Structure formats: C-alpha cells, structure tokens
Amino acid sequence: MNKDKGIYRSRLGKQTDDFAIKFMSSISDDDWILMEDIENTEAHDIMLQEQGIIELNDLRKILKNLEEIKLKFKSGKISISDSFEDIHEFIEHTITKKVGIEIGGKIHTGRSRNDQVATDIRMKVRTELLEVFKVILNLIDILVNLANRNINTVMVMYTHTQQAQIGNFAHYLISHIDHLHRDIERIISCYKRVNLSPLGSSAIGGSSFNLDRTRTAELLGFDGIVENSIDSISARDFALEAVSVLALIMSNVSRIAEDMILWSTNEFGFIEIADEYASTSSVMPQKKNPCSLELIRARTGRVYGNLLELLTIIKGLPTGYNRDLQETKPPLKSSFEIVKDTLEILCRIFNTIKINKEMMSNTASESYAMALDLADELVRDGLSFRESHKLVGEVVRTLVKTNKRITEINLPFLEKISNKILNKKISITDKKIKDVLDPNYSLSKRSTIGSANPIFVKRMIKERLKKSSILKKEFANLENRINEAKKLLSKTIGSILS
Ligand code: ARG
C-alpha cells in the first residue's frame, strides 16, 4: 500500500501478505481508543523532553501533528487504511511521513506498543465506567421519583411467580434502587484498580531511558502507576473485572425488565409502557409488544458472552504481551455499548411508564396473599404459628374449592374450620378479621425494618436519596479529576506550542 515494508518490518524480508495484514490488524476496533492513544503519545513525548531525552523543537513538531490528527478524527476527516497493523503504527507512520524519520522516529523512544495499548485501554475503560456510573445515577433518580409517588400504591408481591404477600410498588422499586446502588459501588471499586498507569514499562522489563512514570501518569489523570513492568503489560484482569461489573448490571436490570414485561400483560395489567417504547404486530392488530424490555433480557446474554470470551482469551496465556490480548477490545467495547444503551432505554421507559394503581390494588384486595397476615393475627390471639398456619391453610383450601374470595372469611367460618382441624376455640373477633383482610391495614402492621409498611418505605426513600447524593459527589470527584488532567495536558501542550 502506501508503505514500503511498514515502519516496524526491517527484520523481515517481505511485505506482509495483504490477507494476513487484514487478519492481524486491529485497525477496525482501534478508533475506540484513538483519542486515548494520541493523548498517551503526547504525554509520553512531553515527558521525554522534560527528561532531556528529546529536543524541544522536535517535540513541538510532533505535538503539532498529533493535535492535527486529533482534530481530523473529531471532524470525521480521517481515513485509516486497514493496511496498518493497528492505530499505533498508523499514528507513528503518519507523523513520520510529515516530519521525517529523524524527528518522527523519536516519538516511540522508551515505549513499546505493549505498555502503550494497556494504557489506552485503561484510559478508555475508566471513561466508559464513568459514563455507566452517570446513567445509573440518572436511572436511580427516576426510580426514586416514581417510588415517591407510589408509597401507598398497594400491590401483591410474588415468590415463585405466585401471589405471596401484600406490598407496595415503592417498596418494590427501592429493592431495585438498592441493586443499582451496589452496581455503582462495584464500579467505584473497579475504577480504582483500572485507573493506574502501565506507561513506561516498555515491552516487559522496563526501559533503559530515565522515564518519569509518575509524570506521564499525572498528565493522563491516573491515580498512580502499575508498578511491576511485567504486571503492567500482561494484566487484563482490570478489563475482566469491568465486564464482570457490567454483566452484574445486566443481570440486575434484566430482572426489572422481566417484571415489567410480565406486569404489562393483560393478565396482570399493573403497568403500561409508553407507546414510544413498544412495538406492534404485522398481523395481529391488537398487539402492543414490550420489545424494548425483551431486548434488554436478550442482550444480557450478549454481555455474558463477552465476559466468557474475555475469560477464555486470558486463561492460560503465557505471562507477557501476546497478540491474543488484542482481541480483548471488541468484547469490552460491545459490553459498554450494550450496558449504556440498556440503562438509557430504562430511563426513558420509567420516565413515561403508566402505573395502574387501581388494578394493583384490586388484585391485592382479592388476593389470598393476606393469608399470612391473618395467620399472624391468630398467633397474637393465642395460637402457635404452626397451628395457625394449618388452620389458615385449610381455610384457603376450602375457599378455593368453593370458589370464594378471601374477604368472605368471617368468624363462624373460621371457628368451624378451627374446630375441625385444631379441635380448638379461637378468640379473634369478627372486626379483627375484617381489619386484617384489608391490604392497607396489613401493611400498617408490618413492623420489621425494611418491610413494606409505608412508614419504613418513606424512611428508605429518604436514605436512598442521601446515598445517591453521596455517590453523586463521588462521581463528580472522579470526573473532575479526569477533566483536570485533560486541562493540564492541553495547557502543557499549549505552552509548548506557543
Ligand atoms: N494492536 C495491538 C493490540 O491491540 C497493539 C499491541 C501490539 N503489540 C505487539 N507487540 N505486537 O493489542
């Protein structure tokens, strides 16, 4: 192509075979890290000059051209031929073509593509983690808002997809807010291990030049360095960890998606997603399909697949850089894309969702799910729990058999069954029975911390708001640190070029 043998190939007698170069090249995945790669090179070369390894005038020419590539990339005016092995070769080749090998040939002094690409990926992963962090915060805000409007929205809660206990919709939402808060905590913890600089480790054993590794780390916004040069260039556990965190996010939100799919059926009718997020049928005119939610369920599988792909690439690799590591970029990129899109669509769905409070409440009022509340009440009236469980179980069995509702239970009915089953008198009053069979009353009787009693629900919402505001500060800190480093780098470049 436009190269002789290619800038690295003097050891080899021949040009790379055209098919082989396409097979080996990572160019098509590398625009994901292009900006990071240029900043990486800028920081490295600034440090080289500060350490007296390259001349100021040479640095100026290099930086000017790197900045130009950045601008071209941002305005989409760059075309990168796939005859290059990767973005690193492309950039060095481009600069060298412009300023000649005597100057351009200095940009890679003391560096290897091994520490270079590890640095690029860490920079990219940390930015992506922060983007995910941000959308989760947004989703939590939307869910907290919805919870606030539904503190008294009574509904049935399910275990085994069977009616279990009376609860309320806000209580349900908080359970997912808590999952999402934990997802954020995992992001923060992972971020700490990601945001360390491998740069300056060279190919594997470190460099004979007097490189200042902490200076490049500073210019690139890292919190420190990966000290051991072998670890620096070999390790991808940070990437595995990031995708594990993403897989857990998908696992969590896929369950929300499933609930919404189920609850939007005619059979449940608890919620309705806005038309904008639904699909229809080409043949059945009545259909409103929750396709966006179904795709969240399915794409969870793709992120799991990416995780397995990464685990398998890394497993058993000899210590050091191996070209296999190149293949870690696509599953990383794809996982972040899926997770960000998923969280964004959930924000939109929950911003516009219709909660059918009446349907939820009607289902609750007719539900045998009040059986446990009745059983508890009978314990307070003197039965042992097992006696009470036995009695109420028989009561429900009789109701179901005779096609009766739970609200039709009265004292004579209970007494009759108690006589038969327990051979015992019971002392509950008719009024107490009526009370207990009212879902709101049942909820007001829940007295354990974290239960569905609206008093606890309100308290939980308040605490979740506090937690979110702490996490928002943490987010701002991390984002600020990156922005400050970006400013430092561009200020440094600016003063060198002026
Ligand atoms: N394209 C490579 C990657 O993405 C860059 C590092 C290549 N290093 C090497 N020694 N061949 O991993």
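Since every read-out is calculated from the coordinates, none of them should be taken as a lab result. As the structure is a prediction and not an experimental result, all values here were calculated from the model. Reconstructed Cβ throughout: ideal geometry from the backbone, glycine too, with neighbour counts over all protein chains shown.
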For the range 448-460, what does the Karplus curve 6.51 cos²θ - 1.76 cosθ + 1.60, with θ = phi - 60°, yield as ³J(HN,Hα) per residue in whole Hz, taken in order and with x for Gly and Pro?
8, 4, x, 7, 7, 4, x, 4, 6, 4, 4, 4, 4
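Quick check for me: using +1 on Lys/Arg Cβ and -1 on Asp/Glu Cβ, what's the dipole size of the chain about its Cα centre, in debye to the nearest 20? Please report the intermediate quantities before stating the final value.
Values: 72 positive and 67 negative charges, 299 e Å.
Dipole of the chain, to the nearest 20 debye: 1440 debye.
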FRET efficiency for F413 and N266, using Cβ-Cβ distance with R0 set to 30 Å, rounded to 0.05
0.35
Which entries of K22/K124; K390/K416; K401/K431 have Cα-Cα distances beyond 21 Å here?
K22/K124; K401/K431
Long-range HN-HN contacts of N289 with modeled amide H, under 5 Å:
S279, T280
Computed E for M359/E67 - FRET, C-beta separation, R0 56 angstrom, nearest 0.05
0.40
Along the Cα→Cβ direction, 7 angstrom out, place labels at I188 and E102. What is the inter-label distance in nm?
5.5 nm
The lysines whose Cα lies under 20 Å from the Cα of K462, excluding any fewer than 8 residues away in the same chain, are K472, K473
Scan around L422 for amide H atoms under 5 Å from its own, H built in the peptide plane at 1.01 Å from N, and keep only partners 5 or more places away or cross-chain.
none
Spacing of the two label points (7 Å from each Cα toward its C-beta) at K424 and K134, in nm
6.2 nm
E55 label point, 7 Å along Cα→Cβ, cut-off 15 Å on backbone N: hits in the range 99-129?
99-107
For T342, T363, T280, what ranking results if the residue with the fewest other Cβ atoms within 10 Å of its Cβ goes first?
T280, T363, T342
So what's the gap between the Cα centers of the range 348-419 and the range 5-30, to the nearest angstrom?
72 Å
Expected vector for the range 14-30, Karplus 3J(HN,Hα) from phi with 6.51, -1.76, 1.60 and θ = phi - 60°, integer Hz, x for Gly and Pro, equals 10, 4, 5, 4, 4, 5, 5, 5, 5, 5, 8, 5, 10, 3, 5, 9, 7
Counting other C-beta atoms within 10 Å, which of F222, F385 has the fewest, and how do the rest follow?
F385, F222
What residues have an amide H closer than 5 Å to that of I54, excluding those fewer than 5 places away on the same chain, when H is modeled at 1.01 Å from N in the peptide plane?
Q49
Could you let me know the centre-to-centre spacing of the range 215-291 and the range 101-127, using Cα atoms, in angstrom?
31 Å
Using the 10 angstrom Cβ neighbour count as an exposure proxy, how do R111, R299, R386 rank, fewest first?
R386, R299, R111
Determine the relative contact order of the chain: mean sequence separation of Cα pairs under 8 Å and six or more apart, normalised by residue count, in whole percent.
17 percent
Taking the Cα centre of the range 396-440 as origin and charging only Cβ (+1 Lys, Arg; -1 Asp, Glu), how large is the dipole, in debye to the nearest 20?
240 debye
Of the options L497, T119, N410, report the single residue whose Cα projects farthest towards the positive end of the charge dipole of the chain (beta-carbon charges: Lys, Arg +1; Asp, Glu -1).
N410
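Please work out how much length the chain gains when fully extended from R323 to S81, using 0.36 nm per residue of separation minus the C-alpha to C-alpha distance, in nm with one decimal. Present the calculation step by step, with values, prior to reporting the outcome.
Details: separation 242, 0.36 × 242 = 87.12 nm, distance 2.02 nm.
Value of the extension gain: 85.1 nm.
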Taking R0 as 45 Å, what's the FRET efficiency between D275 and D178 from their Cβ-Cβ distance, rounded to 0.05?
0.90
For Y8, project a label point 7 Å along Cα to C-beta. Then give me every residue of the range 55-93 with its amide nitrogen under 13 Å of that point.
84-93
Taking the dipole about the Cα centre of the chain, with the C-beta of Lys and Arg at +1 and of Asp and Glu at -1, give me whichever of I428, M35, M360 is farthest to the positive side.
I428
